[in-house]
Every structure is written in structure tokens, then in C-alpha cells.
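The values are calculated or read from the model by the stated rules, or taken from the named source; none is laboratory data. Note that the structure is predicted; figures quoted are calculated from it, not measured. All Cβ positions, glycine included, derive from the backbone under ideal geometry; neighbour counts span all protein chains shown.
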Amino acid sequence: MSITGKAWKFGDGISTDHIAPGRLFHLRSDLPELAKHCLEDAREDFAPNVQPGDFVVGGTNFGQGSSREHAPTVIKLCGTGAVLAKSFARIFFRNCVNVGLPALIVDTDKINEGDQLDVDLDTGTIKNLTTGEEMSAPPLPPVMRRIISDGGLVEHIKKHGELKID
């Protein structure tokens, strides 16, 4: 599966509070409304301007902080195709898979704000269509790719019954 879109560049240490601001706790039961505020504490222009398929590009320890699934969910609801970062907080990474949002570990220093990217989730190949640079991320295991392609863990279990790891 391949996704093409624009890079929205963020720095190191983007927390779940940057992604889904804690002050908007009252919107937890209205995720589409919360998504309108996605990443606004890091970049006010992100949520109103992100386009379907665009990429959130972070530095190290992306998604640090609380274990709320709201953070990757609102990124996905914004239409983001995937999150690319040098490293992820472990529980954030797994929550991305659980909600059906691809997350890949890659050297994001080679990606600039606004670059057009093509990301192949099956191979982990990231082509920077703006610079011609090609990067490689460890591909997600097949079970994670299936969960993501089914729309997340809940949808995967609805479709297939119990989770089988093969």
C-alpha cells in the first residue's frame, strides 16, 4: 500500500498534549471536534490545512506523555496518511496501530517542511518526490499491516474474529 502527500514537520518531544491538548479534555467524547485542534499547541496551522494523505513528520520520542488513544485517533481523523519519526514513545506507537494509523521509524532529517513524499507501507520505502532522496524504514510486521488496513484493532477483530498472529 502506497500513500502520497505533503510533509508537515515537527520537532523532537512532541507529546500527546501537543497532539490532543489536555485543556480540551471535555471534547473526548466528540473526537471529530477534538481533531479540529490536533497539534495546535505545536502548530496552529496544521489542523485547518492538513490534506488527506499528508504526513506528520516528527523527531525523537514522538507521542511521549500519556497513553491516551485520543492522540493518534485525532491525527488519523485529520486525514493524515502516516506518522514518520526518528523514534516513538512505545505506547503511542502501539496506539497508532490499534487505531489504524501507520507509524514508521525513519531519519526525518532528510525530510523538509512541505516535501512531497510517497510512502510504501509494505516495504518501508519512503521516496521524497521533492528532493529525489529515498529512505528506508523498518517495514511493519504483516499482522500490524493487516490491522492498519482493516482500520484498526477493533475493526480487524470484527472482520476476522479473534486476533491471530502468524
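A few notes on this one:
- Against the list (1) within 16 Å of I19 (Cα to Cα); (2) in contact with a Gly (Cβ under 7 Å, 6 or more places away or on another chain), the condition G65 fails is (2).
- Flag for D122 being farther than 30 Å from L27 by Cα and at pLDDT 95 or above: no
- Tabulated pairs, the range 8-35, first under 14 Å from S67 (Cα atoms), second among the acidic types (D, E), C-beta under 8 angstrom, 6+ apart or interchain: D17/D41; H18/D41; P21/E40; P21/D41
- Some residue of the range 92-101 being surrounded by 23 or more Cβ atoms within 10 Å (Cβ to Cβ), within 28 Å of E134 (Cα to Cα) and among the polar types (S, T, N, Q): yes
- Of the residues screened, T130 is not one that is under 20 Å from N61 (Cα atoms), modelled with pLDDT of 95 or more and of a type in the set (S, T, Y).
- The residue that is surrounded by the fewest Cβ atoms within 10 Å (Cβ to Cβ), among those in the range 104-144 that are among the small types (G, A, S) and without any contact (Cβ under 8 Å) to a residue 24 or more places away in the chain, is G132.
- Top-ranked residue in the range 47-70 [being modelled with pLDDT under 95 and among the small types (G, A, S); ranked as surrounded by the most Cβ atoms within 10 Å (Cβ to Cβ)]: G65
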